[in-house]
Each structure stands twice: as C-alpha cells, then as structure tokens.
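Scroll down for the structure; my scribbles are underneath it.
The values are calculated or read from the model by the stated rules, or taken from the named source; none is laboratory data. These numbers were taken from a predicted model, which means no experiment stands behind them. Virtual Cβ from ideal backbone geometry, glycine too; neighbours counted across all protein chains shown.
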There are 2 protein chains.
Amino acid sequence: MKKLRTGFQGALGAFSQEAATQLLGDKAEVVPLGRFEEVFQALIRGKIDAAVIPVENTLAGSVHENYDHLLNYDVRIGGETNVRIVHNLIAPPGVRLRDIRKVYSHPVALNQCLKFFASNPKIERTTFYDTAGSVKMVMDEKAPDAAAIGSAAAAGMYGGHILKRSIEDDRRNYTRFVLLIAPKRTLAPEQAPKVWKTSLVFTTRNTPGALFRALSAFALRDLNMTKIESRPLRGKPWEYLFYLDFIGREDEVRVQNALRHLGELADFYRVLGSYPKGD
Amino acid sequence: MKKLRTGFQGALGAFSQEAATQLLGDKAEVVPLGRFEEVFQALIRGKIDAAVIPVENTLAGSVHENYDHLLNYDVRIGGETNVRIVHNLIAPPGVRLRDIRKVYSHPVALNQCLKFFASNPKIERTTFYDTAGSVKMVMDEKAPDAAAIGSAAAAGMYGGHILKRSIEDDRRNYTRFVLLIAPKRTLAPEQAPKVWKTSLVFTTRNTPGALFRALSAFALRDLNMTKIESRPLRGKPWEYLFYLDFIGREDEVRVQNALRHLGELADFYRVLGSYPKGD
C-alpha cells in the first residue's frame, strides 16, 4: 500500500494527527510541522502528499488563519472529519495532582478548562504553542510541579500519566478538520459516499443586497448551506470575502447551475473542493 | 460639563483611547482596564458610564471575543468610529535603531509589521498583552536594546522616542470601535446624524435555507447590510449565531417591519443598538 505523506501543524499526538487517522487510516504517514503556513507551503511544493488542518471548533469558532491560507494557496479540500476534543491533565509518572503548580498548553485548550483552574487556584496557566508539544516538553523536562493539557494519544506517545481525564468545561467540544490535497491530485474515497459537501470562497460587488443575491444562487436551488464565514478583503477596507459550505457535489447539474448563477453575481469565486461529508 | 467615565482595554495611549476621543471628545474621562471582559463587567455594574471596544480590523478581521461578550452582557451599542492604525517603533531616548534586539507588542501588531522584521532579522519579536502597555514597559525598564510597537499617542504619553514611523506592512489598516452604554442610558448625539446603523444578533432554526430567509427580511425592504459575522452557538455543535449590521434606525417603519419579519423566522434575536454611522 502506497503511504500518503500527510502534514499537520503540531507535535506527534496532536488532535490533527487523530483527524489524519480518521480520514486516511493506515495510509497516512504523518509529518508534524511547526506552523499552519508551513503545512500549506509543504503541500504546494510537493514535500507532502496531503495535509490535515483544523477549520473550526464548536466552542472557539473558526480558525481564521487557515481560511486565509485556503484563499492564498492553490490547494483543494478532499475530505473532512470531526474530532471530539477531550482535554486531559498529563504529568510525568510519580507527579501527583497536589504537587502541580504550573500547567502548560495551547491558549485555546487552557481557555476551555476554566472550571478546572477555578477549582485549583494554586495552579498557574502558561501558554505553549501546541497541546501535544506541551506534553512532550513536560515529559522532557520532568519538573516535579508541572503538567500539560493534551490528548490521551499525546500522553501515550510521550509516556505521560493522565492525572485527570476530561477536564474541559463543555463536552460538546468538537473540532472540524479538512483534508487538503494538491490541486492536481485526486483521492478516491474508500467507498462511494452518500452525501457530499462543497466549499467555496467568493467576493460580491459592494452594492446593497449583493450577499443576499449571491446566496440566492444556492437557496433558489434548495442547496443547503451548512456554514458561512466572512473575512476581511485585503486592500478593500470594510469589504469581505465569504466562505461557504453547502451540501452537494461540484459536478451535479444543480450545483453547476448555482455556480454559473454565482458567477454572474460575484466579483470572484473559487471552488475549494467537493468531498464526502463527515459524520 | 458632566464627564463620562469611559472604560477601554489596555494602557493609556491605546488605540481604544483614540477611539474614545473621536467618539466623545472632552466628555470622555478614560478608565484603562485589563481585559475585555472587565470592560463589560465594569459597564453593567455601573463602575463606568460608557466603554469603547474594538470589533474589527481591516487586516486581522473581527475581534471575536467581543462579539461573544456583546451577546452575554446586557449592553447597547451607542456609536462607532474607525481609527487608522499606524504602528511606530518606540524606544527610550538615546537608544538607536541598530541597538535594538527585542521588540515587544501585541501579537496582532507584531504580525502587521512583518516586512520590518524581515528586513531587520537580528530583532526578536516578543508578544505583550497590549501595544500601549508594551511602550510603557519598555520606557519603565529602559533596556538599551529593547523597543515597542505602538501609537504616536503612546510614545507621547510615556516619553518614548519614535525610531521609525509607520512600520506597518499595509496602510489600509483601520480598526472599527463601538461605543457601549448601559441598556437604560441614552446618549444624545452632538448633532442629528444623517445616516444610522443598527446592529443585531440572531439564530435561525436549523433548517435548509433558514439564513437566506432571515436575510430576506432586510433585503426585501432594501435595507443595506454592511456586515455579517457568524459565531458558534454554545451547546449546539455546528449551529451558529449571526451578527448583522445594516443601514437604518430601529424606530424606522421599514426597520420595524424587517424586525417583525425576522422574529417570525429566527429562533432568537436581539437588537444591540442603533447609532450614528461612523465615517
């Protein structure tokens, strides 16, 4: 079986790696990278075959940086999956909860465990560039009073002991990841999916009612929109790019009709990909 | 003249203070506060009479935290203004550009001066909780090799020397600020404004076409939408809150009709305020 070199941001054991496994199973040969932009660059330069990036979290909202990269780099979305985010307090074996004075993790993870910190006021929060990386660091340093917040996979990867499981405030904590592939590659799904999703980005003319008319291209054809996200348009203050997800596949007739209609109304649009809808 | 105690996040000399001056002139008695949430809390507890918060930047996008607070705290938007963001490199007098090895500022400001850092590779970027606060810190510490990025007002406030003016990558850098008032207060505009804007937040039923129909309440009455922002709805994964700005005043007949129509379609809506449109 040919492996797909699959890049993601963060250290081994990151939630992105779990998403890569959900999307590609054994086919993924994971390549941890430092920053989101490096992931996009590695993909367009052919250093990796695929990439997995987070695009939104049900509590924190969209990962806006990645929306900007989706516009700026010529990549395609080839799949999506949702990962349930469980935050665990992880320390070197032998360190007890009552010894902990410092907890390291990504700022989003720290912010999603506020109840834990409120009931443990002696513990100081310290931000780190990523969750799995904070687990690795705490295991490397072996300080007697430090812990990290990360996934069970990260604990397993670095030999950490889970002092407290699932310390997140809200269990309805999911992150949606998308699989990226270089524009000329195709990725045959394992089995014919029942439901497809399409993602695109567009700008409207800056006229009254322009966004409403652009959305009518989809609504009038009963294409169900699942997400809309706006981002500032560079160089045009107070104008916006819109990122839209809807149920349907690019080569369906009614989707083709909707896209032709959008083309009449939008200043610019680009389909980012059609892919099997995640569970 | 009765002064209005006007809270903002950051140290004296912050861009928010400039926005407060643009909005209230001499009436503003500024109250610097530590975090955005403290600003909202001070306002609802009556510790301040008004507040000024940033809601979006033309390069970085929306300040999502403040959108979340606008929903969670019972405040009204009473005005808006745009501030041109000019980033200056500021150091204690006598420190020369070639001495600088460390530059402190808010991460958004550091990210908006990437060309400066690319052409000065010996300088290390260090994040700080706010721009004006980084200027104050550098002036307090008087290190011979440190500078901060902040406004000319912050340089003046703390006696800093501007080593290099306007080091931002893109001059089309504006931040939109809104003026918040407690819900029962009113704030008479200086003169009858010509154009009004209204901001509201709503959720739709999770059915196909729901957002399109909600927007039709405005589009069918020729109410010009100037911004839409989506945020995750807590407790309902993959459902969204929408924040909408449009041109019009809450007590106009067609706006009243649009709101009644929205009420039929939306699960929930709340008008955040009608206020004179900024320039």
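Restricting the search to region A:18-65, which residues are among the charged types (D, E, K, R) and closer than 19 Å to A:K2 by Cα? Step through it out loud before you land on a result.
Applying the first criterion (among the charged types (D, E, K, R)) to region A:18-65 yields A:18, A:26-27, A:29, A:35, A:37-38, A:45, A:47, A:49, A:56, A:65.
Result: A:D26, A:K27, A:E29, A:K47, A:D49.
Just one of (1) surrounded by fewer than 18 Cβ atoms within 10 Å (Cβ to Cβ); (2) over 26 Å from A:A19 (Cβ atoms) trips up A:K194, so point out which.
(2)
Here is a list: A:A50, A:A28, A:A42. Which entry is buried (at least 24 other Cβ atoms within 10 Å of the Cβ) and out of contact with any Asp or Glu (no Cβ under 9 Å at 6 or more places or on another chain)? Show your work before the answer.
Details: A:A28 fails: buried (at least 24 other Cβ atoms within 10 Å of the Cβ); A:A42 fails: buried (at least 24 other Cβ atoms within 10 Å of the Cβ).
Answer to the check: A:A50.
Got at least one residue in region B:11-24 being in a helix (DSSP H, G or I), among the acidic types (D, E) and either without any contact (Cβ under 8 Å) to a residue 60 or more places away in the chain or in contact with a Cys (Cβ under 6 Å, 6 or more places away or on another chain) (or both)?
Initially, region B:11-24 is screened for residues in a helix (DSSP H, G or I), giving B:15-24.
Subsequent filtering for residues that are among the acidic types (D, E) retains B:18.
Among the residues that remain, those that are also either without any contact (Cβ under 8 Å) to a residue 60 or more places away in the chain or in contact with a Cys (Cβ under 6 Å, 6 or more places away or on another chain) (or both) are: none.
No: zero hits.
So, restricting to strands (runs of 3 or more DSSP E) that lie completely within region A:112-168, which ones have at least 1 residues that are small (G, A, S)?
Numbers: elements: A:124-127, A:146-150, A:161-164.
The qualifying strands (runs of 3 or more DSSP E) are A:146-150.
Identify the residue in region A:248-279 that is assigned to a loop (DSSP other than H, G, I, E, B) and under 26 Å from the mean Cα position of the chain (by Cα) and, among all such residues, is modelled with the lowest pLDDT.
Step one: filter region A:248-279 for residues assigned to a loop (DSSP other than H, G, I, E, B), giving A:248-252, A:277-279.
Now drop any that are not under 26 Å from the mean Cα position of the chain (by Cα), which leaves A:248-251, A:277-279.
On the way: A:G248: 97, A:R249: 96, A:E250: 95, A:D251: 94, A:K277: 95, A:G278: 92, A:D279: 81.
It comes out as A:D279.
Name the residues in region B:61-72 that are in a helix (DSSP H, G or I) and at the interface with chain A (Cβ under 8 Å from one of its Cβ atoms), would you? Let's see the steps before the verdict.
Initially, region B:61-72 is screened for residues in a helix (DSSP H, G or I), giving B:64-72.
The answer is B:H64, and nothing else.
Select from region A:26-40 the residues that are within 14 Å of another protein chain (Cβ to nearest Cβ) and either in contact with a Lys or Arg (Cβ under 7 Å, 6 or more places away or on another chain) or acidic (D, E) (or both) and list them in ascending order.
The initial filter retains those residues of region A:26-40 that are within 14 Å of another protein chain (Cβ to nearest Cβ), namely A:35-37.
A:E37, the sole residue that qualifies.
If a residue has to be among the charged types (D, E, K, R) and either within 27 Å of A:V83 (Cβ to Cβ) or touching an Asp or Glu at 6+ places or on another chain (Cβ under 6 Å) (or both) to count, how many in region B:225-279 make the cut? It would help to see each step written out before you state the result.
Narrowing region B:225-279 to residues among the charged types (D, E, K, R): B:227, B:229, B:231, B:234, B:236, B:239, B:245, B:249-252, B:254, B:260, B:264, B:267, B:270, B:277, B:279.
Filter once more, so that each one left must be either within 27 Å of A:V83 (Cβ to Cβ) or touching an Asp or Glu at 6+ places or on another chain (Cβ under 6 Å) (or both): B:227, B:229, B:231, B:234, B:236, B:239.
Number satisfying all stated conditions: 6.
Take region B:248-264 and flag every residue that is surrounded by fewer than 19 Cβ atoms within 10 Å (Cβ to Cβ) and within 14 Å of chain A (Cβ to nearest Cβ).
Matches in region B:248-264: B:R254, B:H261.
Suppose we keep only residues that are touching a residue at least 12 places away in the same chain (Cβ under 8 Å) and either at positive phi or part of a strand (DSSP E or B) (or both) within region A:201-211. Which one would you say is surrounded by the most Cβ atoms within 10 Å (Cβ to Cβ)?
So in region A:201-211, the residues touching a residue at least 12 places away in the same chain (Cβ under 8 Å) come out as A:201-206, A:210-211.
So of that shortlist, the ones also either at positive phi or part of a strand (DSSP E or B) (or both) come out as A:201-204.
Working: A:V201: 19, A:F202: 21, A:T203: 17, A:T204: 23.
Checking each candidate, the answer is A:T204.
Which of the residues that make up region A:212-247 are among the acidic types (D, E) and either in a loop (DSSP other than H, G, I, E, B) or within 7 Å of chain B (Cβ to nearest Cβ) (or both)?
Applying the first criterion (among the acidic types (D, E)) to region A:212-247 yields A:222, A:229, A:239, A:245.
Within region A:212-247, A:D222, A:E229, A:E239 qualify.
Can you tell me which residue in region B:97-107 is farthest from the chain's Cα centre (by Cα), limited to those that are buried (at least 17 other Cβ atoms within 10 Å of the Cβ) and not in a loop (DSSP other than H, G, I, E, B)? Let's see the steps before the verdict.
Looking only at region B:97-107, we keep the residues that are buried (at least 17 other Cβ atoms within 10 Å of the Cβ), and these are B:100, B:103-106.
Filter once more, keeping what is not in a loop (DSSP other than H, G, I, E, B): B:103-105.
Details: B:V103: 24, B:Y104: 21, B:S105: 17 Å.
My answer is B:V103.
Which one of these does A:E168 not meet: (1) more than 12 Å from every other protein chain (Cβ to nearest Cβ); (2) charged (D, E, K, R); (3) over 30 Å from A:H87 (Cα atoms); (4) in contact (Cβ under 8 Å) with a residue 40 or more places away in the chain?
(3)
Kindly indicate which of B:K142, B:K184, B:K194 is away from chain A (no Cβ under 14 Å), within 27 Å of B:I100 (Cα to Cα) and of a type outside the set (G, A, S).
Details: B:K184 fails: within 27 Å of B:I100 (Cα to Cα); B:K194 fails: within 27 Å of B:I100 (Cα to Cα).
Step by step, each of B:K142, B:K184, B:K194 is checked, and only B:K142 is away from chain A (no Cβ under 14 Å), within 27 Å of B:I100 (Cα to Cα) and of a type outside the set (G, A, S).
I'd like to know if region B:91-105 contains one or more residues that are outside the structural domain of B:A148 (by TED's automatic domain parsing) and without any contact (Cβ under 8 Å) to a residue 60 or more places away in the chain.
no
Taking the criterion of being touching a Cys at 6+ places or on another chain (Cβ under 6 Å) and touching a residue at least 40 places away in the same chain (Cβ under 8 Å), would at least one residue in region A:124-136 satisfy it? Talk me through it step by step, then tell me what you get.
Within region A:124-136, the first condition is being touching a Cys at 6+ places or on another chain (Cβ under 6 Å), and the residues that meet it are none.
Checked region A:124-136: no residue is touching a Cys at 6+ places or on another chain (Cβ under 6 Å) and touching a residue at least 40 places away in the same chain (Cβ under 8 Å).
Can you tell me which residues in region B:222-251 are more than 17 Å from B:L70 (Cβ to Cβ) and touching a residue at least 40 places away in the same chain (Cβ under 8 Å)? Give the derivation first.
In the first step, residues of region B:222-251 are kept if they are more than 17 Å from B:L70 (Cβ to Cβ); the result is B:222-225, B:235-239, B:247-249, B:251.
Within region B:222-251, B:I247, B:G248, B:R249 qualify.
Return the only residue of B:G13, B:G34, B:G7 being at pLDDT 95 or above and under 18 Å from the mean Cα position of the chain (by Cα). Don't jump to the end; show me each part of the working.
Working: B:G13 fails: at pLDDT 95 or above; B:G34 fails: at pLDDT 95 or above.
Only one candidate passes the filter, namely B:G7.
Could you please tell me which pairs satisfy a Cβ distance under 7 Å, a separation of 6+ or placement on different chains, a first residue in region A:41-60 that is more than 14 Å from chain B (Cβ to nearest Cβ) and more than 17 Å from A:L71 (Cα to Cα), and a second residue that is charged (D, E, K, R) and surrounded by fewer than 24 Cβ atoms within 10 Å (Cβ to Cβ)?
Pairs found: A:I48/A:R5; A:D49/A:R5.
Specify the residue that is surrounded by the fewest Cβ atoms within 10 Å (Cβ to Cβ); the eligible residues are those in region A:123-152 that are modelled with pLDDT under 95 and among the basic types (K, R).
A:K142
Give B:V103, B:V83, B:V108 a once-over and let me know the one that is β-branched (V, I, T) and more than 15 Å from B:I167 (Cα to Cα). Talk me through it step by step, then tell me what you get.
Details: B:V103 fails: more than 15 Å from B:I167 (Cα to Cα); B:V108 fails: more than 15 Å from B:I167 (Cα to Cα).
B:V83 is the lone residue from the list that is β-branched (V, I, T) and more than 15 Å from B:I167 (Cα to Cα).
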